[in-house]
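Step one of this worksheet: look at the structure below.
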Amino acid sequence: MTPELVHLEIARRKKLLDRANKDLEFRKLVLEACSRDPVLWFNDWCWTFDPRNAARNLPVLLPFKLFPRQVEYIRWRRERLAKREFGDVPKARDSGISYLNCGDHTHHFLFDYGYVGGLASRKEMLVDRLGDPGSLFEKIRSILKYLPSWMRPDKKQYFDGYMKLLNHEKGNAITGEAGLNIGRGNRYLLLDIDEYAFLENQESVAAAVSQSADCVIKTSTPNGSGNLFAQECLNETNPVFYFRWTSDDRKNKWIHPETGQTGQGADAPPGAIYPWYEDQKKKLSPITIAQEIDIDFNASCEGIVIPARWVEAAINFPLEVNSNHITMGLDVATEGRDTSVIVELLGGCKVTFIDTWKGQNTTETSHRAISLCHSRNVSHLFFDVVGVGAGVAGTLATTPGLRFRYTGIHGAESPSDYYWAAEKRSSKEKFHNKRAELWWLLRERFFRTWEVKHGIAKHDLNTLISIPNNPTLVSQLSQPLHRYTNTGKIIIESKEDMRKRGVRSPDHADALVYSSATPYQNEFRTSQVIW
């Protein structure tokens, strides 16, 4: 909020407090409304402390006003608790998620009955250190301190000790744990583990908390891709909530240097810049930017095919597509826990639809894909014909009345004759196989989109790409790595090799790769083409 808006919000809250102090009936209504809605409670009664504001012409004590992504996060947390599920929260640096977690625990502490919450981190001093506003328990104490006295627990019913807060009147407790002891103390309804990716004993902690809490939410900035937190997020072992800097209303203001246009949010027009992000790039190394700002788990990995910053640039990129040519890419899963994914691409450059399903055999998957292709007027369906995809090819071949063409893609086959003019060589000379060619062609689209969005270069809009803010697709696009063969050809990491380093098959990303295949094919001779 601007200084003017901050002062207006402070004035609004003062009127609200004055009325509640004088009018007991109104106070009862306030307490009842707050008990039902934590978002209302945050926006009307919570305050946050930021000493950096002294240099920003803002009060150090600020009204806690949730912006949209924070509201979504609070609702998401409540859903995890209601369903007794675990959750993972990859976040950008300095995103305020720890304060939200502490505030959510405080709300349960004040208004629930029989609530037992937990806060944990890798060191005790990060969980609780008296007078340190960076510690988790001091955040809760700060929130409680600035609430009106009639909203806080009665002093006789309240206990405040080291890594322990008790509300005796309602039987509520918040306790803390750290390091090797996480999960080996109390039993919890909800346990938050802060900066989980930096724990040295993630596997043992995961085993312990699985027996001690109904709901565990692990929050962290990435710390590479070789740890349990990264594997859980990339593989979506649990529900995942990404908190990116472009969702942070304190940081996502943009300006277009040529037109002077300004705005806020992730949908900046091509050529616009984010001053906050540009400032971070001046201060931090590229790896730090990728890992802690762009939430790139693979930032420390060499050979990423599509870097996360290129993917970020394509999210909701404003492309006006004049073509009505629609393709779909299908990644076929085996029966069981794996997911079949279908991605729709308009004009070869804009993702307009994503659908997923589990537990169906290849015949059922084929007919579901046929139904989607017909209902959405798809021109061409692409799918991986290797393995279980062969069953899809068989079903399509024996199904009469298809109103679309289809192509089975064999990733190990030879690349096409597509010519790379700048390099004066063909795909056959550049790539080891078809899989590498298709991934690289998609990479080119993301790279061009990134250049256009940041005003680095101008490209034909038909060679760019726009994707929705689908967390699974966004994260998977930056997972595969590439290397060079002995003959200098590019090869993409196999799904088996990805599994060896703990990364599940990138089904969403592969489906997009398949759907984007057709613009680079000069012609198809029959309805059925096998590459």
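In this structure, residue 219 does satisfy being touching a Lys or Arg at 6+ places or on another chain (Cβ under 9 Å), of a type outside the set (A, V, I, L, M, F, W, C) and at pLDDT 90 or above. The helices (runs of 4 or more DSSP H) located wholly in segment 74-146 include none with 1 or more residues which are outside the structural domain of residue 174 (by TED's automatic domain parsing), more than 25 Å from residue 180 (Cα to Cα) and without any contact (Cβ under 8 Å) to a residue 24 or more places away in the chain. Of the residues making up segment 189-209, one or more are part of a loop (DSSP other than H, G, I, E, B), among the hydrophobic types (A, V, I, L, M, F, W, C) and within 21 Å of residue 502 (Cα to Cα). Scanning segment 147-174 for residues that are assigned to a loop (DSSP other than H, G, I, E, B), within 28 Å of residue 18 (Cβ to Cβ) and hydrophobic (A, V, I, L, M, F, W, C) yields a single hit, 147.
Working only within segment 1-55, note down all residues that are outside any helix (DSSP H, G or I), in contact (Cβ under 8 Å) with a residue 12 or more places away in the chain and either touching a Gly at 6+ places or on another chain (Cβ under 7 Å) or not charged (D, E, K, R) (or both).
1, 46, 47, 48, 49, listed by residue number.
Being out of contact with any strand residue (DSSP E or B) (no Cβ under 7 Å at 6 or more places or on another chain) and assigned to a helix (DSSP H, G or I): is that true of residue 230 here? When the stated conditions are applied, residue 230 passes them.
Residues of segment 233-264 that are modelled with pLDDT of 90 or more, buried (at least 18 other Cβ atoms within 10 Å of the Cβ) and in contact with a strand residue (DSSP E or B) (Cβ under 6 Å, 6 or more places away or on another chain): 240, 241, 242, 243, 252, 254. Scanning segment 330-373 for residues that are surrounded by 21 or more Cβ atoms within 10 Å (Cβ to Cβ), in a strand (DSSP E or B) and among the polar types (S, T, N, Q) yields one hit, 340. Counting the residues of segment 265-302 that are in contact (Cβ under 8 Å) with a residue 60 or more places away in the chain and within 13 Å of residue 93 (Cα to Cα) gives 6.
The values are calculated or read from the model by the stated rules, or taken from the named source; none is laboratory data. What you see is a predicted model; the values in this text were computed from it and never measured. In this analysis, Cβ positions are derived from the backbone assuming ideal geometry, glycine residues included, and neighbour counts consider all displayed protein chains.
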